[in-house]
Each structure stands twice: as C-alpha cells, then as structure tokens.
1. Which residues does a label at T130 reach in segment 157-186, if reach means a backbone N under 19 Å from a point 7 Å past the Cα toward the Cβ?
2. Multiply the residue separation of A421 and T54 by 0.36 nm, subtract the distance between their alpha-carbon atoms, and state the gained length in nm to one decimal.
3. Quick one: if you stick a label point 7 Å off each Cα along the C-beta vector at L696 and C513, how many nm between them?
4. Can you give the local net charge around F563? Use residues other than it whose beta-carbon is closer than 15 angstrom to its beta-carbon, Lys and Arg +1, Asp and Glu -1.
5. Suppose accessible area is computed on protein heavy atoms with a 1.4 Å probe; arrange D141, D257 from highest to lowest.
6. For L763 and D289, compute 0.36 nm times the residue count separating them, minus their Cα-Cα distance, and round to one decimal in nm.
7. When Lys and Arg each count +1 and Asp and Glu each count -1, what net charge do the other residues less than 14 Å away from Q220, Cβ to Cβ, add up to?
8. Solvent-accessible area of R179, probe 1.4 Å, all protein chains present, reported in Å² to the nearest ten, please.
Amino acid sequence: MAGLFDEPTISFVQVAVERAVDRYPKGLTYGVPQSLSPIHVGQLITVPLGKGNTPTEAWVLSVSETPPTLAGNKEIKQVFSKNALTISLPEDLVSLASWMSSYYCAAIGPTLSTMLPGPVRKGIGIKTRTLVNLVMCPPNDVKLTKKQQYVLDTLAELPTNDRPIGISKLMKLASLGSRGPIDRLSEHGFLSTHQVTNVEAAWFKQNIDTKEMPTLTDDQSRIVDAISKKLGEGYSSHLLYGVTGSGKTEIYMQLIDHAIKDGGKAIVHVPEISLPQQTAARLMERFPDKKVAILHSALTKSQRHQQWAMVASGEADIVLGARSAIFAPVPIDALNIIIVDEEHDHSYKQDLTPRYHGRDVAIRRASTAKCPILLGSATPSMESWWNATRRNISTLHTLTHRAPGLTLPKVEIVNMRIARAAAHGVMPVFSRELELEIQRSLANEGQILLLLNRRGFAPWIVCSSRACDWMMRCEHCETSMVYHRRKPLEEVGFVRCHHCAKEQRVPKICPDCTKPVIRLGVGTQRLEAIIRETIPLPSNQIARLDTDTTRKISDLHDTLDRFTRGEIRVLLGTQMIAKGLDVEGVTLVGVIDADTAIDLPDFRASERTFQLVSQVCGRCGRGSREAKAIVQTYNPQAPAIVLASEGKYEEFANRELQLRQETGLPPTSRMVRFVVRDDEFERTAGRADALYERLLSIASPSIQITPAAPCVLTRIADRFRFDVTASATTAGELQQFLEDARQKKYIENNRDLAIDVDPVSML
Ligand code: ADP
Ligand code: ZN
Ligand code: ZN
C-alpha cells in the first residue's frame with residue numbers, strides 16, 4: 001500500500017461508513033488531501049476501511065482543520081475519492097440523522113442512506129448535454145463554408161452571458177437543418193465543447209383550472225387565524241382534530257398560502273396509500289403559479305431524482321409526499337410549515353431499520369427548522385391526543401361539524417350473532433340489513449364501498465371432520481395458509497403464506513385423517529366472487545382493491561380515479577378503501593366484518609378498530625344525498641365499534657387513555673420493544689432470557705421490563721421470535737436506559753435483534 005497516501009493532508013473529516021452496523025457510533029476520522037479539498041458535511045465519499053483498506057462508501061459527518069487526538073498514535077488514513085456525482089445531504093439532515101440514529105438505536109450510516117432516494121444516489125435521470133463556445137485563437141488555415149461562417153457570426157453576436165450555448169439552441173439561431181456544420185467547426189478547432197450534467201427540472205402539470213378558495217366557515221377561519229399567527233414565530237405544534245369531511249384540507253391550503261408567501265416553503269405529508277396525486281392536483285389548482293414537488297413511490301426513478309433535485313435547489317415551493325418526504329432537502333431557513341395529514345396512519349412508521357415514525361421525525365424537523373407543525377386527523381392517534389390534551393405540548397384545534405353541504409352518515413350496527421342464528425349457525429357474509437341497503441343503493445344509482453380487511457379467497461384450509469382439528473399451516477411460519485384463486489370466478493387456486501409469501505398446492509384430503517378439506521372464511525377475493533355472482537352490474541363496474549390487485553401503485557390510483565369519476569359502482573377491498581376517498585356518489589358503506597382487528601393481542605387493537613370503522617364510515621355523506629353505513633360485528637357492544645359508529649371520538653379517546661394509564665401503556669409511558677430472532681426455538685428463548693436479565697441488571701427503578709415471551713407471530717420465515725419490552729414514564733429516561741444498554745453492548749440492532757422504539761405493532 002506504499003504510495004497510497006503520498007499527498008499531504010490538509011484537513012480532516014469524521015465519517016460514518018454506509019453499511020456499517022453500530023460499531024462506530026461517533027464516526028471514523030480520515031485526512032483530506034489537497035486534490036479532494038474541499039469536502040462538505042453530508043457528502044458521500046469513498047474511504048479505505050480495515051487492514052486491507054477496502055474502498056468503502058461513507059458519509060461525512062463533520063469537517064475540521066485540526067487533527068483529532070487519536071489514542072495510540074494511530075496513523076490517519078486519507079479519503080480515496082469523492083462520489084463522482086458529488087451528491088450531498090444538507091447539514092440539517094445530517095443532524096437529523098444523528099438524532100434518529102441515537103433515538104431509534106440505528107447505525108448512522110444506513111440512516112443517512114435511507115434519507116437519500118436510490119435514484120438520486122445512483123444518478124439515475126442525469127442527462128449530459130454538450131455546450132459549445134468560440135475559442136480564443138481560431139485556426140486561420142481552414143476554409144469555411146457559408147453555413148459554418150454564419151454559425152460563427154451568430155455565436156459572436158450573442159451576449160457573453162449566453163455562451164456557451166446548447167447545440168440545439170444554436171442550430172435554431174443559425175437556422176441549421178442538421179448539426180453537421182457545428183460538428184465540423186468543433187473538429188477543426190473553431191469551437192470548444194463543454195459537457196454539463198444535470199437533472200432537468202420537470203414539473204408535473206395538470207390541466208389546471210384555477211380554483212378560488214371557498215369562504216371558510218367561522219370554525220375554519222378561527223383555526224387558520226390561530227395557526228397563521230404562529231408562522232415565523234418559531235416552533236409550535238398543533239393538532240387538528242376534525243371529523244371526516246370537516247374541511248381540514250381547506251385549512252391546510254390556507255396555511256400553505258400564508259407560509260409560502262415571500263419565498264417560504266411548506267412540506268405536506270400524506271399516507272402512501274391515500275391519493276398523493278389527487279392532493280397534488282388540489283394543491284396545483286390552488287397555487288397555479290407555485291411549484292409543487294411530489295415524492296412518492298409511484299414515480300419513475302428519474303422522476304424521483306428530478307423531484308428531489310428541484311427541492312434541493314430551492315425551486316419547489318411546496319413538497320408533497322409520503323413517509324420519506326420528511327427527508328426532502330428543503331432549505332431549512334425557508335421551511336415555514338410542516339403538515340402531516342392522517343397523522344394516525346400506521347404507514348408513517350417504518351418497519352425496517354431505522355424504525356422511525358415519520359410523524360415524530362417531522363416534529364423533530366419542525367423544531368430544528370423553528371416552524372409550526374400541524375398534525376391533522378379525524379381519529380387522532382392516542383399519542384397526539386395525549387400530547388394535546390394532557391401534556392399540553394401541542395395545541396388542540398377542533399372541527400366538530402362537516403363542511404357546508406355535507407351530511408353525517410347514519411351508521412347502523414348489525415349484530416351478526418343474530419344473523420348467524422337466523423342462518424341456522426352458518427356465518428353469513430351479508431346480513432339481511434346490508435343486503436337490503438345494497439339493493440336500495442343500486443336502485444338509487446348510488447355508489448357502494450364494502451370493507452373487508454382480509455385478503456385472499458378463504459383465510460383457512462381445514463379438515464371437514466369435526467373430530468379432527470387439522471388446519472393447514474405454513475411450513476416456515478407459525479400462521480395459517482390462505483387460499484387464493486387465480487381469478488375470483490375460476491376454481492383454480494393455490495395457498496399462500498401472508499408472512500413469507502411461500503406458495504403451495506391445495507391438498508385434497510386432510511393429511512391426518514384423509515377426510516376432504518374445506519376452505520373456511522371469507523377474504524376480499526371471495527367477497528368479489530359473491531358480488532359478481534349476485535349483483536347484476538357490468539363487470540367493469542365492480543372492482544376490488546387490496547395488495548393483490550395493486551402490485552403497482554399506479555393500479556391503485558387508477559381504480560380510485562375510476563371510482564371517483566363514478567365509473568365503478570361497487571368498490572370493495574381492505575383498509576386501502578378507507579383512506580382519503582372523497583366521492584359524492586357514495587350512498588352506502590358496508591363494513592363486512594368490523595372484528596378483524598379487535599381480537600388481536602395488541603394493546604392498540606381497540607384504537608385500530610375505532611380508526612378503521614370511523615374512517616370508512618366517513619367516506620359517505622359527501623354529497624347532498626342521504627347516505628348510510630352498516631357495520632357488521634359479532635361484538636356489537638364493543639366500545640370501539642359503538643363509539644365509532646356514533647362518531648364519538650373524544651369519548652373513545654378519553655376512555656382509551658384511561659385504560660392505557662391504568663395499565664402503564666403508551667402513550668402514557670414510553671416503550672421500546674426488543675425482538676430476538678433465531679433459527680432454533682430453544683436458542684431464541686435462551687437469548688431472550690439472557691437479554692432480559694442483562695437489561696434488568698442496569699435498569700433504574702423508573703424502568704419497567706417485561707420478561708421474555710414468544711411473540712404472537714412466534715415464527716416468520718423460519719426465524720423464531722421472542723420479545724422483551726422496556727417502558728419508562730418519559731422518553732428521556734428511556735433514552736438514558738437505551739444509551740446505557742448500548743454502552744454495555746447488551747443491545748445492537750441487527751439481523752438477530754430488532755430494536756423498535758415507540759413500536760406501533762406488537763405482533
Ligand atoms: P377533510 O380533509 O376534513 O376530510 P376536506 O377539506 O376535504 O375535508 O373538505 C370536504 C369537502 O368539503 C371538500 O369537497 C371541500 O372542498 C368542501 N369544503 C371544505 N370547506 C368548505 C367551506 N368552507 N365551504 C364549502 N365547502 C367546503
Ligand atoms: Zn410463511
Ligand atoms: Zn382431518
């Protein structure tokens with residue numbers, strides 16, 4: 001390796017290795033040779049790592065002029081190179097990553113990498129253009145054609161600022177039919193050529209009819225006034241609790257209008273599944289002369305790069321996107337407001353490391369940008385409700401009425417125990433009540449939404465013999481196999497595990513007793529089959545939405561658009577249909593089974609059920625016509641279902657918080673969940689017990705630790721799972737505990753241990 005570092009070092013950088021695990025929390029130091037100077041914070045560079053000096057990508061965390069004091073007189077190696085595309089993250093995002101890395105116990109290198117979209121990183125969509133200019137000393141022994149001379153004259157007449165110039169532009173100015181004359185001139189040395197690479201700006205444009213802002217109701221104006229007063233006054237946090245259709249989006253629009261005056265920027269978050277494009281269209285209509293950048297997964301790779309670059313250059317006034325848009329490189333000084341719509345949505349939490357919550361990272365970002373953050377929802381998360389009503393660290397704003405012209409849906413709970421008795425013990429899919437309402441809606445030309453939060457045709461394959469309790473399970477997971485048909489109306493099918501995605505053939509007979517097997521239960525695919533067989537509508541007027549029908553996110557948007565235009569009369573599906581649809585024609589919402597979440601062994605089961613039922617019922621009553629929602633349940637007395645159907649969020653939330661407080665559960669405490677994973681059951685259990693003992697040994701009295709226990713999903717993809725949780729009254733205490741555990745090397749986020757701070761799922 002002699003000669004590797006033979007240039008003098010002129011400054012120093014601290015870097016985080018991109019793919020490293022948690023080994024170097026504070027970063028590694030390298031020297032910067034003259035030829036690579038300057039290097040900036042947030043840049044991606046290549047450094048030699050380890051004994052073999054393996055070239056490794058790393059992020060620059062800080063830069064210093066003076067050498068650090070290293071233990072043991074270690075030699076400081078030099079940076080190999082800068083990333084060819086010299087992409088860098090702004091400094092405030094580097095500090096945000098440091099915070100995330102420590103708060104969520106994730107290594108900083110991978111956390112920084114999460115922030116930069118793959119296409120930006122890989123330079124996808126960068127175009128190279130050739131520009132030409134006149135040279136100082138042109139050759140004098142070459143005879144020029146008329147056209148060539150005209151090109152030179154044209155160039156000479158251009159103001160110097162306009163040179164160098166793109167070839168196609170020059171062709172136009174010199175009225176050339178081909179670029180031949182320009183190429184000849186460069187070959188003979190009359191023109192110099194320059195290559196420039198950049199991402200070309202490409203703003204999404206809709207057919208925009210400018211829309212005036214509607215006159216706000218008094219309630220809306222009061223809220224807009226209260227929050228807009230806080231613009232420019234530093235950080236403040238606001239929760240907008242407004243029933244579905246109460247005009248929350250109108251409030252966002254008005255606040256954005258205030259915030260982006262005089263060059264300010266706004267970030268708006270929406271859940272991935274909802275309609276980023278529709279919201280984008282609404283924003284573009286409202287702000288026709290402003291630039292809206294969109295960041296979500298339906299874009300092509302080069303579009304994602306373009307949108308990111310437009311944000312980074314400060315051109316975009318409004319950034320709209322799903323979870324990862326919180327890392328949009330909006331210039332921090334210009335950032336004036338952050339809005340998180342549907343803040344209760346679980347898709348804001350990332351379930352892979354770094355396991356961050358987009359809403360909480362957004363709060364952190366607002367506090368460093370010193371701007372207001374507004375969280376909005378018809379069913380706020382218990383966390384946000386707690387913060388606004390008990391901790392008073394966030395201001396509550398309430399919209400109790402629907403917007404003018406909208407009616408609240410009538411919601412009816414149907415007790416399926418009675419329906420089952422009437423059907424002589426068979427569990428019917430539709431109650432008599434729902435059947436009648438479907439017929440009535442169809443007769444009145446209304447549109448219908450049917451929610452069933454279970455995919456596939458039949459969720460269970462079991463033995464037909466009452467004496468046998470065989471059920472088909474996944475060979476790799478502790479779960480039942482789900483039966484899927486190739487097409488809803490064709491008998492050909494297969495079984496699939498929803499956790500590891502392995503597929504198998506359907507057995508004809510029970511392997512235990514050789515009796516025939518039966519397919520039990522109803523998933524969305526079977527629901528679709530039943531509807532297609534019983535409802536006399538043309539086939540293109542019925543559609544299903546779930547992850548099986550929306551492999552591409554554009555399929556989802558396409559179906560939702562067709563429903564919005566009224567082309568689809570009956571739309572059925574999983575919780576995907578519960579979000580964000582604002583369609584006037586909906587006269588009936590049917591919840592086929594409100595109990596899919598209620599029995600889950602997760603302390604948020606009730607909250608989720610409440611959210612789902614309220615959100616889906618809120619999809620109707622958006623027009624002037626009378627609308628109804630029918631909620632089928634075997635738990636007609638469950639508070640989550642009763643209160644959701646009565647639209648009593650506050651009562652539910654206060655009751656739920658009371659229960660959480662009595663049991664010491666979040667949000668009244670702060671929790672971290674450790675999931676130990678291993679290939680053998682005994683070893684997993686042993687490791688989890690050992691982890692519990694170690695954590696216990698360093699826990700102060702304010703930390704509660706639950707002993708190791710098998711997770712609800714005991715095995716996924718051949719990996720056994722055990723969990724241990726730790727809770728504290730405050731985030732600070734919990735963070736201190738995590739820091740101690742990391743220092744002692746008791747915990748490290750890796751393949752065998754998932755550390756989940758503020759977990760949203762306990763399965
Ligand atoms: P939310 O976001 O709370 O579900 P929206 O902002 O989408 O509600 O409003 C629901 C509907 O009511 C939209 O079609 C919207 O244009 C309309 N709307 C909202 N506020 C007003 C108002 N002040 N006057 C008239 N219509 C309104
Ligand atoms: Zn499986
Ligand atoms: Zn059997």
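The values are calculated or read from the model by the stated rules, or taken from the named source; none is laboratory data. Every value quoted in this text rests on a predicted model; they were computed, and no experiment measured them. Note: ideal-geometry Cβ built from the backbone for every residue, glycine included; neighbour counts use all protein chains shown. In case anyone asks, the SASA skips ligands and DNA or RNA and just uses the protein heavy atoms, side chains included. Shrake-Rupley method; radii C 1.70, N 1.55, O 1.52, S 1.80 Å.
1. 163-186
2. Separation in residues times 0.36 nm, less the Cα-Cα distance, equals 125.1 nm.
3. Label-label distance for L696 and C513, simple model: 4.3 nm.
4. -2
5. Working: D141 130, D257 50 Å².
Largest to smallest exposure gives the sequence D141, D257.
6. 165.9 nm
7. Details: positive: R222, K248, R402; negative: D218, D219, D225, E250, D257.
Net local charge, Q220 excluded: -2.
8. 110 Å²
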